[in-house]
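No lab work stands behind these numbers, since they all come straight from the coordinates. Source: prediction; values computed, not measured. Please note: Cβ atoms are built from the backbone with ideal geometry, for glycine as well, and neighbour counts cover all protein chains shown.
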Amino acid sequence: MRLQNVLQALIFIWVGMPSILLAEEKPNIVIILTDDQGYADVSYNPYSPPEVSTPNIDALAHSSIICTQGYTSGHVCSPTRAGLMTGRFQQRFGIYTAGEGGSGVPLDEVFIPQRLKPAGYVSGALGKWHLGLTTEYHAMNRGFDEFYGFMGRGAHPYFDHSDMDHPIYRGLNPIKEEGYLTTRITEEAVDFIDRHKEDPFFLYVAYNAVHAPPEAPEGDIKNVTGDETRDTLMAMIKHLDMGVGEIVNSLRKHNIFDNTLLIFLTDNGGSGAMHANNAPLRGFKQMDYEGGIHVPFIVSWPAQLEGGKKCDVPMWSIDLFATALDAAGLPLPKDKPLDGKSILPALKGETDKLHEELYWSSAGEKGKWAIRSGNWKLVAEKNRIELFDLKKDLSETTNLSKKHPKVVTKLTAKYNEWLDKMAPPVSKQEKRWNPDATAPAKKMSNKEKKAAREKKKAERIKARAAEKSNQTPGSLK
Ligand SMILES: [Ca+2]
């Protein structure tokens, strides 16, 4: 080799080195998303009742930053997931309800792993997908390199995986599976970390625990509260907590915990049907009171964030996309601009505000929506609007709408302005609740009555046909 070539080679190595080093320093990103877990069903919450014991989640919380004002963008499973995976208001692409999200996120939306891939990230999704049932909406076709879990519907049995209409998949292939699903998801997470410890990776662990059905290994169900569902829920939480512990241990074992951005949160508030406890918050899943949308939210990244702290800045699940890009040193996309923001500046104490407003809407059918602006929050259902001051009244006990009508008017206008920019619901339900749609019919002639009956019949036939082709059971959230 001539001297000039040697020099050129040396320069090449020298210039190339920083980027190689940088590539090695890219953090792993792990999102643990639990399902329907109560706000007080983590024992680090001082309001947690005595039967709740989550030692592993507590240990993680105490070494991390506890985000005390962490929200999800939906009060049920699928809309939250759609917002989380796209970093955008899910209403931007017409998803307001679980049925709409479960039928599939429009294919022109971009998911987190698609943006991380160019930076060398390998991505895995585990557990519950609930963002479309058919192949084109499968995690493997939305940027993930690996998938283990089930695709559609909110619920999946924990022990019996024999229903091959709704199978467990590995990658794109349905598999015959055995074992307690929470444990299986944990094993898959640990295996993923073992195999990819040398790469920067993005691991999305979407436990279906502790969503219905209430099922746990028999020996773990202790008669503690006198409430069988609650006791079963505790056993389910025990396995979920063990899973979080194993994921953390696995990262520690490989010496990659410090440079892993790990976010733990729940997809919506605890479920009333599962006897969850959301203290001190009001309400449950499917509501826009705090108990439906304000969730356990923990962020760990020892290499960059000082742990053992709390962050009181309002933030939400939609922010995780921008946060992942920020952590990976990647630019924000210009196409499909994100509505979420990186939460890292808030976690580092560099800002005390990320969003002027947070919005919730499940569109017209149920007529539920909410907006949070500073400490004010409006919660609406049909024509009832309540106003709360969350700073003084986190439990939303005192409706201040009569005392502060101007605040109600201002926030209602802001909500309407926001909703105007959102897409119509993909299910064709109305965007806004329409009181006339359910009003009793005025006096009609027999001829008019007959015409109305025929119109309704045609609509029913059409809806049934749409439901058939959609294949998403509307009752499952
Ligand atoms: Ca859920």
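Using every pair of distinct Cα positions in the stretch 359-421, the Kirkwood expression returns a hydrodynamic radius of 11.8 angstrom. In order along the stretch 78-91, the phi-based Karplus estimate (6.51 cos²θ - 1.76 cosθ + 1.60, θ = phi - 60°) of 3J(HN,Hα) comes to 5, x, 4, 5, 5, x, 5, 6, 9, x, 10, 3, 5, 5 Hz; Gly and Pro are listed as x.
Each peptide in 207-219, 90-102 gets a packing score, the mean of other Cβ atoms within 10 Å over its residues, and the list from highest to lowest is 90-102, 207-219. Here the Kirkwood formula puts the hydrodynamic radius of the stretch 309-427 at 16.1 Å, using every distinct Cα pair. Under the criterion of Cα pairs below 8 Å and six or more residues apart, the relative contact order for the stretch 27-355 equals 31 percent.
Karplus-based coupling profile of the stretch 174-185, in residue order and whole Hz: x, 10, 7, 9, 9, x, 6, 4, 4, 5, 4, 5, with θ = phi - 60° in 6.51 cos²θ - 1.76 cosθ + 1.60 and x standing for Gly or Pro. Residues whose amide H falls under 5 Å from that of ILE31, counting only those 5 or more places apart or on a different chain, are LEU203, TYR204, VAL205, ILE263, with hydrogens built in the peptide plane.
Roughly what % of DSSP beta bridges within the chain run antiparallel, to the nearest 5? Bridges in the chain are about 50 percent antiparallel. Based on DSSP H segments of at least four residues, each scored -39500 (n - 2.57), the chain has a per-residue ellipticity at 222 nm of -10000 deg cm²/dmol. Based on C-alpha pairs under 8 angstrom that are at least 6 apart in sequence, the stretch 116-195 has a relative contact order of 26 percent. Relative to the globular-protein estimate of 2.2 N^0.38 Å, the Cα radius of gyration of the chain stands at 1.03.
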